[in-house]
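Below: the structure, in structure tokens.
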Amino acid sequence: MKIERLLSILVILLNKEIVSAEELANKLEVSKRTIYRDIESLAMSRIPVVTIHGRHGGVGLMPSYKMDKYLFSDEEKLQIIEALKMQNNMMQIDNQILIEKLENLRESEESYRNFSFYSPTIHREEIEIETKEKLKISREAMAHHKKMKIKYISFTGEVTNRVISPYRISLKDGNWYLDAYCDHRKDNRIFKLTRIRECILLEEGYFTTKENELSLAANYEVVELLFHRDQLGKLYDFFLEEEIEIQKNDIRVTFEYDCNKNLIPFLLMFSSSVEVIKPKELKEKYYKELNKIYKKIKDDKQLSYIP
DNA sequence: ATGCACCGACAATACAGCCG
DNA sequence: CGGCTGTATTGTCGGTGCAT
């Protein structure tokens with residue numbers, strides 16, 4: 001009977017912040033004195049019971065005990081720690097104390113250092129440091145609803161000075177982007193962090209407006225490319241097993257791609273080791289780009305040895 | 001001042017184990 | 001089996017101390 005009551009008290013305490021001895025006594029149909037003896041038994045079993053004196057006082061459990069024994073399993077705590085570490089490494093969010101608290105709550109002593117988010121993007125280490133600084137300013141701007149003044153270089157090299165109100169940071173295809181309302185364009189725009197050359201946090205605040213999704217409707221088309229055999233290793237960075245067809249001398253890759261997005265920079269990564277089979281429009285666009293490069297080399301007088 | 005946790009002392013009750 | 005004894009559990013009472 002006593003054991004059953006002790007368990008009942010434990011369950012009640014796990015579900016409530018503070019319970020008075022009288023409430024427990026009424027619920028379990030015993031006297032308050034018995035409840036106090038039970039609490040003493042729980043405390044002797046190393047269950048961290050805390051009591052609060054005075055008005056609105058009562059009996060409760062240490063919050064860490066609830067977290068430790070009731071809410072999360074060791075595995076679940078580990079997952080939270082990993083997510084926090086990722087936030088810490090990638091976003092420079094100072095949550096070290098929280099991570100340590102959670103690590104202390106884990107049953108297992110084994111430290112979890114199998115994950116590293118040291119360099120999450122495709123950029124050089126120096127660029128990564130610069131980007132993290134921009135991320136920090138952007139986060140601060142979003143947290144305090146402050147505007148930012150930026151110098152931005154567009155894809156085509158056009159330089160503009162803008163005042164923006166950022167509302168979202170995203171990591172896509174190895175690059176950081178900032179979604180923001182642009183005072184200059186009077187519309188929402190997406191800014192690639194590496195192309196933000198100067199960035200200052202302004203005192204001027206902004207009101208949160210409804211975020212507009214800046215995505216055009218996807219328009220998928222089948223793309224077929226032919227790669228040189230020696231590109232196979234690189235191809236697995238971008239394509240699925242079923243999209244790659246290994247042939248005798250080359251590799252045929254067939255995949256669906258949103259033709260609103262520019263595929264040319266990707267193709268140029270493979271220099272002469274790639275050939276566009278279809279669609280025809282992409283092939284033409286690609287050759288046009290190659291022609292531009294060829295013309296540039298041909299016109300360079302310093303390179304007299306080029307035929 | 002009041003409400004509540006907390007505790008000691010003592011009594012009542014229930015139950016198990018032992019013995020004749 | 002019935003009585004005795006020891007132990008565990010619980011309730012009552014009265015008091016102390018702390019927080020509001």
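With labels modelled as points extended 7 Å from the Cα through the Cβ direction, what inter-label distance (nm, one decimal) is found for A:Val222 paired with A:Arg37?
For A:Val222 paired with A:Arg37, the spin-label model returns 8.2 nm.
Distance in nm between label sites at A:Thr254 and A:His144, each 7 Å beyond Cα in the beta-carbon direction?
Going from the A:Thr254 label point to the A:His144 one covers 5.7 nm.
Could you state the number of Å between the C-alpha centres of the stretch A:227-289 and the stretch A:23-47?
Here the two parts' Cα centres lie 72 Å apart.
Give, to the nearest whole percent, the P(r) tail of the stretch A:225-307 beyond 17 angstrom, counting all Cα pairs. Could you put the intermediate results ahead of the total?
On the way: 1790 of 3403 pairs.
Distances greater than 17 Å cover 53 percent of the Cα pairs.
Work out the length of the dipole vector of the stretch A:151-287 about its Cα centre, built from +1 on the beta-carbon of each Lys and Arg and -1 on the beta-carbon of each Asp and Glu, and round it to the nearest 20 debye.
Taking the Cα centre of the stretch A:151-287 as origin, the dipole is about 440 debye.
Among the listed pairs A:Lys151/A:Lys280; A:Lys278/A:Lys298; A:Lys149/A:Lys288; A:Lys146/A:Lys192; A:Lys77/A:Lys147, which have their C-alpha atoms separated by more than 26 angstrom in this model?
A:Lys151/A:Lys280; A:Lys278/A:Lys298; A:Lys149/A:Lys288; A:Lys77/A:Lys147
So between A:Glu204 and A:Glu100, what do we pick up on full extension, going 0.36 nm a residue minus the alpha carbon distance?
Length gained between A:Glu204 and A:Glu100: 33.8 nm.
Please give, to one decimal in nm, the separation of the simple spin-label points placed at A:Leu235 and A:Glu125, each 7 Å out from Cα toward the Cβ.
For the pair A:Leu235/A:Glu125, the computed spacing is 3.4 nm.
Within straight cross-link reach of A:Lys292, meaning Cα distance under 18 Å, which aspartates and glutamates are found once same-chain residues fewer than 8 apart are removed?
A:Glu275, A:Glu281, A:Glu284, A:Asp300
Taken together, the values in this text are just the output of simple stated rules run on the coordinates, not laboratory data. Not measured: the values here are computed from a predicted model. Note: ideal-geometry Cβ built from the backbone for every residue, glycine included; neighbour counts use all protein chains shown.
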